[in-house]
Amino acid sequence: MAENIKLCMNDLPADATFPNGMAAVDCEMMGLNVYRDRLCMTQVANGEGDVWLVKFDGSDWSAPNLKKLLTDKRILKIFHYGRKDVVTMKHYLDVMTAPLYDTKIASRFTRTYTEKHGLNALCVELLGVQLDKSVTSTNWGADELSEAQLQYAADDVVHLHALKVKLDAMLKQVDRVHLAQQCFDFLETRVEIDLAGWEDQDIFAHH
Ligand code: MN
């Protein structure tokens with residue numbers, strides 16, 4: 001698929017369209033601590049070849065067009081491990097993303113024959129695509145991002161629509177569509193629990 005990658009500042013353009021009703025979404029941050037490390041970029045793909053890289057400079061979190069997409073009940077947001085992204089966007093953009101789908105959760109419910117649920121492992125096995133992960137740890141807050149950084153950022157969202165198709169079929173095969181859906185719906189609560197201070201604890205655990 002030929003990708004049309006557009007770099008935008010602090011918001012999605014108003015003319016971004018999602019003809020199939022699904023948006024693949026991923027975020028890049030300065031690090032792993034949501035309170036310390038700001039949101040640097042939100043990548044969005046429509047599954048039709050368009051990718052928007054919304055770069056945040058930290059001065060303006062209003063992002064009306066992006067927030068409209070994240071909260072649009074008619075558009076499903078597809079993530080790979082969405083928990084961290086949804087936490088970060090709730091903290092910085094003050095919106096709860098919904099409804100959503102998570103390819104990592106779908107993978108855990110279907111690919112029980114492996115422990116490898118990373119995005120690259122899914123792309124290799126289900127799509128025959130190898131991702132270049134060489135710029136994983138990089139400064140996403142830099143004023144100027146390199147071509148390699150932009151391509152890497154886009155790669156994290158361009159395969160999610162295709163992965164969802166494969167994983168939906170696998171969820172049906174193992175009769176876990178309902179279970180997965182319940183987990184996607186619960187993510188909003190999981191994010192609220194994380195932000196309330198129980199990120200590192202399993203609230204359901206005995207001890
Ligand atoms: Mn990413």
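Tabulated data
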item: Fraction of accessible area attributable to carbon and sulfur, the chain (%, probe 1.4 Å); result: 52
item: Alpha-carbon Rg/Rh ratio, for the range 61-207, with Rh computed the Kirkwood way; result: 0.97
item: Efficiency of FRET between V165 and D57 - r from beta-carbon atoms, R0 25 angstrom, step 0.05; result: 0.10
item: 13 Å reach of a label modelled at R83, 7 Å along Cα-to-Cβ, counting backbone N of the range 158-183; result: 183
item: Gain on full stretching of the segment that runs from L7 to E192 - 0.36 nm per residue minus C-alpha separation; result: 63.6 nm
item: Cβ-Cβ FRET estimate between C183 and Y113, R0 fixed at 22 Å, reported to 0.05; result: 0.65
item: Largest-first principal axis extents of the Cα set of the range 103-190 (Å); result: 46, 33, 22
item: Structure-based [θ]222 nm, the chain - -39500 (n - 2.57) summed over DSSP H runs of at least 4, per residue, nearest 500; result: -11000 deg cm²/dmol
item: Hull volume in cubic angstrom per residue (convex hull over the Cα atoms of the range 66-146); result: 137
item: Restricting the range 1-52 to GluC sites (Glu not before Pro) in coil, as DSSP defines it, with at most 16 other Cβ within 10 Å; result: E3, E48
item: Simple label model, 7 Å out from Cα along Cβ direction - Q130 to D72, nm; result: 3.6
item: Segments 150-157, 196-203 sorted - mean Cβ within 10 Å per residue, highest first; result: 150-157, 196-203
item: Accessible surface of K104 - all protein chains present, 1.4 Å probe, nearest 10 Å²; result: 50
item: Nearby lysines by direct alpha-carbon distance to K67 (threshold 26 angstrom, same-chain neighbours under 8 apart not counted); result: K6, K55, K77, K84, K90, K104, K164
item: Surface per residue (accessible, 1.4 Å probe) for the range 100-207, Å²; result: 59
item: Cα-Cα P(r), the range 1-136, percent of pairs per 10 Å interval; result: 12, 41, 36, 11, 0
item: Label-to-label distance, nm, for residues given as A142 and N120 (7 Å Cα→Cβ offset); result: 1.9
item: Rg/Rh for the range 152-200, where both radii come from Cα atoms and Rh is the Kirkwood radius; result: 1.11
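The values are calculated or read from the model by the stated rules, or taken from the named source; none is laboratory data. Treat the numbers as computed from the prediction; the structure is a model and nothing was measured. Positions of Cβ are generated from backbone atoms using ideal geometry, with glycine treated the same way; all protein chains shown enter the neighbour counts. Accessible surface areas use protein heavy atoms only, side chains included; no ligands, DNA or RNA. Shrake-Rupley method; radii C 1.70, N 1.55, O 1.52, S 1.80 Å.
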